[in-house]
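Q: Let me give you the structure first, and then I'll get to my questions.
The values are calculated or read from the model by the stated rules, or taken from the named source; none is laboratory data. Just so you know, these numbers come straight off a predicted model, no measurement behind them. So basically every Cβ, Gly included, is an ideal-geometry build from the backbone, and we count neighbours across all protein chains shown. Note: areas computed on protein heavy atoms with side chains; ligands, DNA, RNA excluded. Shrake-Rupley method; radii C 1.70, N 1.55, O 1.52, S 1.80 Å.
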Amino acid sequence: MNHSAREEEWAVWMRAAIGGDAQAYHRFLSAVTPHLRAMARRRCDQLGAPVSEAEDVVQEVLLAIHLKRGTWDSSRPIGPWLSTIVRNKLIDSLRRRGRHMSVPIDDVIDFLEAEEHTDALDRFDVDRMLELLKDPQKTIVRSISVEGTSVRETADRLKMTEGAVRVALHRALKMLAALYRSETSENR
C-alpha cells in the first residue's frame with residue numbers, strides 16, 4: 001500500500017470514527033500509532049532530543065488526536081494534520097523539559113584537561129603591543145583584558161567613570177587590532 005492510499009484509508013476510518021464508529025476509530029488508532037512513533041523518533045533525532053522522549057510524545061499525540069479529532073477538516077489530507085500534532089507536541093515536550101543534553105563524562109574527559117601554557121614569547125608579544133598604547137589606554141587594556149579586572153574596579157582605581165573606561169578600552173582595542181593587522185600583513 002503506498003503512502004497516499006494508506007493515508008486515505010486512515011481518513012476513511014477517522015471520518016467513520018467522528019461519525020461514532022468505535023471499531024473504525026480502533027482501526028485508525030492501531031494503524032496510525034506505529035507511523036506516529038516513527039515520526040516522533042525521527043523528529044527527536046533531528047532535534048537532538050533523546051529517543052526516549054519519542055514515546056512520551058506519541059502518548060501526548062494520541063491523546064490530542066482523541067480530544068481534537070473534531071478539528072480535522074475531513075476534506076483535507078490527514079497526514080499533514082497528524083504531522084502538525086506530532087511537531088507541536090514534541091516542541092511542547094522540549095519546552096517543558098528544557099532542552100538539556102546529557103553527555104557521559106567519559107566522552108569528553110580528554111577535552112577537559114588542558115595544559116595552561118603562557119609562552120614567554122606570547123607574554124613578550126602582549127607587552128610589546130601594549131607599549132604601543134599611551135596611558136591610560138595601556139593601563140586599562142592591561143587591567144581588563146590581561147589581568148581580568150572589572151570595568152568598575154578599573155574605573156575606581158583610575159578615578160574615571162565606567163563609561164570613560166569602556167570608551168578608552170574600545171578605542172585601544174580597535175587601535176591594537178589595526179596595528180596587529182598591519183604588522184601581520186607586512187610579515188607575509
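Q: Karplus couplings for the stretch 23-28 from phi (6.51 cos²θ - 1.76 cosθ + 1.60, θ = phi - 60°), rounded to Hz, Gly and Pro as x?
A: 5, 5, 5, 4, 4, 4
Q: Quick check for you: with a 1.4 Å probe and neighbouring chains kept, what is the accessible area per residue of the stretch 1-89, in Å²?
A: Roughly 56 Å² per residue, with all protein chains present.
Q: Where the centroid of each part is defined by its Cα atoms, how far is the stretch 148-174 from the stretch 1-66 in Å?
A: Cα centroid to Cα centroid, the span is 60 Å.
Q: Could you run the Karplus curve 6.51 cos²θ - 1.76 cosθ + 1.60 with θ = phi - 60° over the stretch 155-168 and give me ³J(HN,Hα) per residue in whole Hz, x for Gly and Pro?
A: Per-residue couplings from phi come out as 4, 4, 5, 8, 6, 10, 7, 4, x, 5, 5, 4, 4, 5 Hz.
Q: Sorting check: for 157-163, 70-76, which peptide has the highest mean count of neighbouring beta carbons within 10 Å, and how do the rest follow?
A: Ranking, from highest mean packing down: 157-163, 70-76.
Q: Kindly write out, for the stretch 45-54 in residue order, the coupling ³J(HN,Hα) from the Karplus curve 6.51 cos²θ - 1.76 cosθ + 1.60 (θ = phi - 60°), rounded to whole Hz, with x marking Gly and Pro.
A: 4, 4, 8, x, 8, x, 4, 4, 5, 4
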